[in-house]
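J.: Sharing a structure here in structure tokens format.
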Amino acid sequence: MNILGIETSCDETSAAVVTDGRWIHSNVVASSLAQHRKFGGIIPEIASRRQLEYINSVVEQALDESHSSLKNIDAIAVTRSPGLAGSLLVGISFARALACATRKPLVEVDHIHAHLYANFLKKLDATNNAEDPPSLPAVGLVVSGGHSSLFVVRHWPRCLLLGQTRDDAAGEAFDKVAKILDLGYPGGPAIDRLAQQGENSEIRFPCAELPDSFDFSFSGIKTAVLYYVNAHRKEKEFSTEKIAYAFQKSVTQVLIDKCFTVCRKKNIKTLLVGGGVAANSALRKGLTARAQEEMVDVHFPPLQLCLDNAAMIAGLGHHLLHHRAPVRKKRASNLPRAVKRHF
Ligand code: KG4
Ligand code: ZN
């Protein structure tokens, strides 16, 4: 089954063709990120306008690169939520219109669950050879710019939420700390790079552990960094590298500890990690080392599948399609003429 996935939840416009929920034929991503940098964060109005400009050509390119046409597509999957309202609206409207006009089933997919599903995807190569997909049940950690959540996944497409951030998301904390340190936007990659030169920092930033809960809280550590920088700014006696290292160490430690607490409590031996912060080198290293000690099988998507992309939407869409009725299967004859002609 070939699914066309469409993702427009934030500043990326993406379309992908994925077969049987596993094999990526194409995964095209256009981003308006460069246009937001000077503002130090995503401007929703700019993001949604760019979505509108890019979506047609991104979908066309995804079909071209997969050497297919709409005729070979069996269903359409689109990001339903969460995300920026204007950006989501572009993808959802496009996908609904396309599904109506082509009489194909449409499924609407949760963006956060899809980040975990990215671990199940493989790029289609000539040999089609790949190791087995991760086994379920699994504990899932999604850490992105908007979310930090822990799940248990027993069967796709169902993800049971165990805990989430009570304030800032992990990626948001990285971005805000980078702003305090004048490192530009998005801040995660910059902090990741700098932290590698700040090892053995004597600075300590406490990160809330919330020991009786699976929730997270990252706003306190961001404030601790701000106070530290303000206190030392005049004398210029601080090292940005050491601050980056100390901040990153504290955040990743809390994430690592909580993942393995859930694995132990639920007696689960697979851990899936997803979202933009899953690209963080210290998090990947720390989780891998601890997974060996705890005999847990940890999985991260390749770097390009950690960030927002439509392949993960098409992949999870495959399971939604098999487990529940598609949200829409309207006849093209119900559409106004202009819409029919357009497709
Ligand atoms: O999943 P994503 O592409 O978009 C959302 O759904 O939010 O994640 C973007 C977030 C940003 O906050 C960015 O700073 C963070 O992921 N990020 C990183 C790294 N690469 C991206 N955070 C830490 N280390 C990285 N290497
Ligand atoms: Zn995301």
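J.: Among K38/K222; K122/K179; K71/K122, which pairs are too far apart, with a Cα-Cα distance over 30 Å? Each step should come with its number before you reach the end.
T.: On the way: K38/K222 21 Å; K122/K179 35 Å; K71/K122 23 Å.
Listed pairs above 30 Å: K122/K179.
J.: Taking θ as phi - 60°, what are the ³J(HN,Hα) couplings along segment 204-219 by the Karplus curve (6.51, -1.76, 1.60), each to the nearest whole Hz, with x for Gly and Pro?
T.: 10, 10, x, 10, 4, 9, 6, x, 9, 8, 8, 7, 10, 8, 10, 6
J.: Using 0.36 nm per residue, how much length does the chain from Q196 to S219 gain when fully extended, once their Cα-Cα distance is taken away? Present the calculation step by step, with values, prior to reporting the outcome.
T.: Values: separation 23, 0.36 × 23 = 8.28 nm, distance 2.32 nm.
Additional length available on full extension: 6.0 nm.
J.: Which net charge results for the neighbourhood of S68, defined as the other residues with beta-carbon distances under 15 angstrom from its beta-carbon, given Lys and Arg at +1 and Asp and Glu at -1? Mind showing how you got there, number by number?
T.: Values: positive: K71, K104; negative: D20, E60, D64, E65, D74.
Counting the neighbours of S68, the net charge comes to -3.
J.: Carbon-plus-sulfur fraction of the accessible area of segment 138-300, 1.4 Å probe, in percent?
T.: Details: 3740 of 7600 Å².
Ligands and nucleic acids excluded, carbon and sulfur give 49 percent.
J.: In Å², what does the accessible area per residue of segment 138-300 work out to with a 1.4 Å probe? Don't jump to the answer; show the numbers that get you there.
T.: On the way: 7600 Å² over 163 residues.
Roughly 47 Å² per residue, with all protein chains present.
J.: Quote the charge dipole size of the chain about the Cα centre in Debye, to the nearest 20; the model charges only the Cβ of Lys and Arg (+1) and of Asp and Glu (-1). Could the numbers behind the result be given before it?
T.: Details: 41 positive and 34 negative charges, 250 e Å.
Once rounded to the nearest 20, the dipole reads 1200 debye.
J.: Compute the signed sum of charges (Lys and Arg +1, Asp and Glu -1) over the other residues within less than 14 Å, Cβ to Cβ, of R264. If you can, show how the numbers build up before the last one.
T.: Working: positive: K258, K265, K266, K269, R290; negative: D257, E293, E294.
Taking every other residue near R264 into account, the sum is +2.
J.: If I take every Cα pair under 8 Å that is 6 or more residues apart in segment 138-300, average their sequence separation and divide by the length, what percent do I get for the relative contact order?
T.: Values: 299 pairs, mean separation 44.1, N = 163.
In percent, rounded to a whole number, it is 27.
J.: Using a ≥ b ≥ c from the Cα gyration tensor of segment 69-174 (square roots of the eigenvalues), is it rounded, prolate or oblate, where a/c under 1.5 gives rounded and otherwise the larger of a/b and b/c decides, a/b for prolate? Mind dumping the intermediate values first?
T.: Details: a/c = 2.10, a/b = 1.21, b/c = 1.74.
Oblate shape, in that a/c is at least 1.5 and b/c is the bigger or equal ratio.
J.: Additional query: How many angstrom lie between the C-alpha centres of segment 111-125 and segment 272-302?
T.: Between the Cα centre of segment 111-125 and that of segment 272-302, the gap is 15 Å.
J.: Sticking with this one: Would you mind working out the accessible area per residue for segment 1-130, using a 1.4 Å probe, and quoting it in Å²?
T.: Details: 5300 Å² over 130 residues.
So segment 1-130 comes to 41 Å² accessible per residue, rounded to a whole number.
J.: Now for a different question. Specify the inter-centroid distance of segment 32-50 and segment 236-265, based on alpha-carbon positions, in whole Å.
T.: Rounded to whole Å, the Cα centres lie 29 Å apart.
J.: Same structure, new question: Give me the number: length gained by fully extending Y227 to Q304, i.e. 0.36 nm times residue separation minus the C-alpha to C-alpha distance, one decimal in nm. Each step should come with its number before you reach the end.
T.: Values: separation 77, 0.36 × 77 = 27.72 nm, distance 3.45 nm.
Gain on extension, Y227 to Q304, equals 24.3 nm.
J.: Can you list the aspartates and glutamates whose alpha carbon sits under 15 Å from that of K176, skipping same-chain ones fewer than 8 residues off?
T.: Leaving aside aspartates and glutamates fewer than 8 places away in the same chain, those within reach of K176 are D167, D168, D192.
The values are calculated or read from the model by the stated rules, or taken from the named source; none is laboratory data. This structure is a prediction, so every number in the text was calculated from the model and none was measured. Glycine also receives a Cβ, built like all others from the backbone with ideal geometry; neighbour counts cover every protein chain displayed. Note: accessible area is taken over every heavy atom of the protein model, side chains too, but ligands, DNA and RNA are not part of it. Shrake-Rupley method; radii C 1.70, N 1.55, O 1.52, S 1.80 Å.
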